[in-house]
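Everything below concerns the one structure shown next.
The values are calculated or read from the model by the stated rules, or taken from the named source; none is laboratory data. None of these values were measured; they are calculated from a predicted model. Cβ sites come from the backbone with ideal geometry, for glycine too, and all protein chains shown count toward neighbours. Protein only, heavy atoms only, side chains kept; ligands, DNA and RNA dropped before computing areas. Shrake-Rupley method; radii C 1.70, N 1.55, O 1.52, S 1.80 Å.
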Amino acid sequence: MKFRIFTEPQQGASYDDLLAVAQTAERLGFDAFFRSDHYMLMGDHFSGLPGPTDAWTTLAGLARETTSIRLGTLVSSVTYRPPGILAIQVAQVDQMSGGRVELGLGTGWFREEHAAYGIPFPHKRFGMLEEQLEIVTGLFGTPVGGTYSFEGKHYSLTDSPALPKPVQSPLPLIVGGGGAKRTPALAARFGTEFNLPFTPFDEIAPKFAGVRAACEAIERDPDELVYSAALIAVGGSDEAEYVRRAAAVGRQPDELRENGLAGTASEIVDRLGRLQEDGVQTAYLQIMDLSDLEHLEFLAAEVVPHFS
């Protein structure tokens, strides 16, 4: 199982905060540093200060200040960027990192942040996601010297030079969500990874099975996809340390144990073992307290080695 650090900077983080987490995660041997792509605070436990940071601006900086850890979004919203601009940004950051970028792309859902920053929020966005996935893969896949055109309901591109190109070919694309039919179909068609974010434990294996069936329906080998899950991670060397960390992120210890990767090291290892049996190949550890770098040290020393 691979382990990735997943952050939520809209809850309150500067670029320097994110850099410290990314460099610590790299030093400790985590596979990747991912961040959400949001522009406004959620809930009332965190301050949100000093304010939002843009996901792809952040990743561009980290691309030059890290050397080996993979970098990505979980997930970018189709409402934020036209697909042509997104493709340019992602390809450039992939070049800046030497080929370490992964793009998670989704429909977006947080209406309030769209209203706060003047971003249009169409009622129906799934068609936008499908077209953006087709356009981004089409732009990346067009041979140098060729052009790419697309005519859809939401986007039109005419004779695009389809430049620049990412270092990776294909560049990893993460498609995720809990939908029963349309999301698995998109993952089967476009994805290199299917991700389940914050999904009840008993639903994970059935949803993976649905994606595998969608792959088989288009005669794609289901094993070509990586199957991953994102879950909050809060742990401690003993109960007191665990309770302290749960309080720091505004969660109840018992509730965290029911819904996340939480508790002592042995409890987290046991939960991950069951997730591995359900087909989880990559675990995104959602870290909410970005000031607690010792938490990363604990996870790297006491949890990760059991799955190496």
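Near K2, the amide H atoms lying under 5 Å from its own belong to T282, A283; only residues 5 or more places off or on other chains count, and H is placed 1.01 Å from N. Shown in residue order for segment 256-269 are the 3J(HN,Hα) couplings computed by the Karplus curve 6.51 cos²θ - 1.76 cosθ + 1.60 at θ = phi - 60°: 4, 4, 6, 10, x, 9, 8, x, 7, 4, 5, 5, 5, 4 Hz (x for Gly and Pro). Other residues whose C-beta falls under 11 angstrom from the C-beta of G72 contribute a net charge of -1, scoring Lys and Arg +1 and Asp and Glu -1. Short-range pairs are left out: with C-alpha atoms under 8 Å and at least six residues apart, the relative contact order of segment 1-122 is 25 percent. Magnitude of the charge dipole for segment 120-239, about its Cα centre and with charges confined to Cβ atoms of Lys, Arg (+1) and Asp, Glu (-1), is about 460 debye. Taking all Cα pairs closer than 8 Å and separated by 6 or more residues, the relative contact order of the chain comes to 18 percent. For the chain, modelled as a GNM whose springs connect Cα atoms under 10 angstrom apart, the maximal fluctuation among G146, G98, G177 occurs at G146. Cα to Cα, under 19 Å, and not fewer than 8 places away if on the same chain: which lysines meet these conditions relative to K207? Partners within reach: K181. Between amide H atoms placed 1.01 Å from N, distances below 5 Å from V226 occur with E193, F194, all of them 5 or more places distant or on a separate chain.
In terms of its C-alpha gyration tensor, segment 1-95 has an oblate overall shape, because the principal axis ratio a/c (a ≥ b ≥ c, square roots of the eigenvalues) is not below 1.5 and a/b does not outweigh b/c. Electrostatic tally near P170: other residues with Cβ closer than 12 Å to its Cβ, Lys and Arg +1, Asp and Glu -1, net -3. For S47, the accessible area of its heavy atoms, probed at 1.4 Å with every protein chain present, is near 80 square angstrom. Per-residue SASA remark: V144, around 120 Å² accessible (1.4 Å probe; ligands, DNA and RNA not included). Within the listed set A265, A180, A32, the Gaussian network model of the chain (springs between alpha-carbon atoms below 10 Å) gives the highest mean-square fluctuation for A180. Taking the centroid of alpha carbons for each part, segment 1-56 and segment 230-308 are 16 Å apart. Simple point charges give the picture: +1 on the Cβ of Lys and Arg, -1 on the Cβ of Asp and Glu, and for segment 9-118 a dipole about the Cα centre of about 220 debye. Among residues other than A60 whose Cβ falls under 13 Å from its Cβ, what is the net charge (Lys/Arg +1, Asp/Glu -1)? Charge balance in the 13 Å sphere: 0. Compared with the dominant Cα axis of the chain, that is its longest principal axis, helix 239-248 is turned about 40°.
Using the Karplus relation 6.51 cos²θ - 1.76 cosθ + 1.60 with θ = phi - 60°, the per-residue 3J(HN,Hα) values for segment 122-139 come to x, 5, 10, 10, 5, x, 5, 4, 4, 5, 5, 4, 5, 5, 4, 5, x, 5 Hz, with x marking Gly and Pro.
Under a Gaussian network description of the chain, with springs only between Cα atoms under 10 Å, the residue in T264, T58, T147 that fluctuates furthest is T147.
Rounded if a/c is under 1.5, else prolate if a/b beats b/c, else oblate: with a ≥ b ≥ c from the C-alpha gyration tensor eigenvalues square-rooted, which is segment 108-195? In terms of gyration-tensor shape, oblate.
Placing unit charges on the Cβ atoms only, positive for Lys and Arg and negative for Asp and Glu, gives the chain a dipole magnitude near 880 debye about its Cα centre. Note on the chain: dipole from Cβ charges, positive end direction compared against M42, L186, T282; the farthest Cα belongs to L186.
Within the chain, the ratio Rg/Rh, alpha carbon atoms throughout and Rh by Kirkwood, equals 0.96. Restricting to the chain, compute how many DSSP beta bridges are antiparallel as a %, nearest 5. Around 10 percent antiparallel, to the nearest 5. Shown in residue order for segment 221-233 are the 3J(HN,Hα) couplings computed by the Karplus curve 6.51 cos²θ - 1.76 cosθ + 1.60 at θ = phi - 60°: 5, x, 6, 6, 8, 8, 10, 9, 9, 10, 9, 5, 10 Hz (x for Gly and Pro). Sort segment 157-308 into rounded, prolate or oblate with this rule: let a ≥ b ≥ c be the square roots of the eigenvalues of the Cα gyration tensor; rounded if a/c is under 1.5, and if a/c is not under 1.5, prolate when a/b is larger than b/c, oblate otherwise. Prolate is the answer for segment 157-308, as a/c is 1.5 or above and a/b outweighs b/c.
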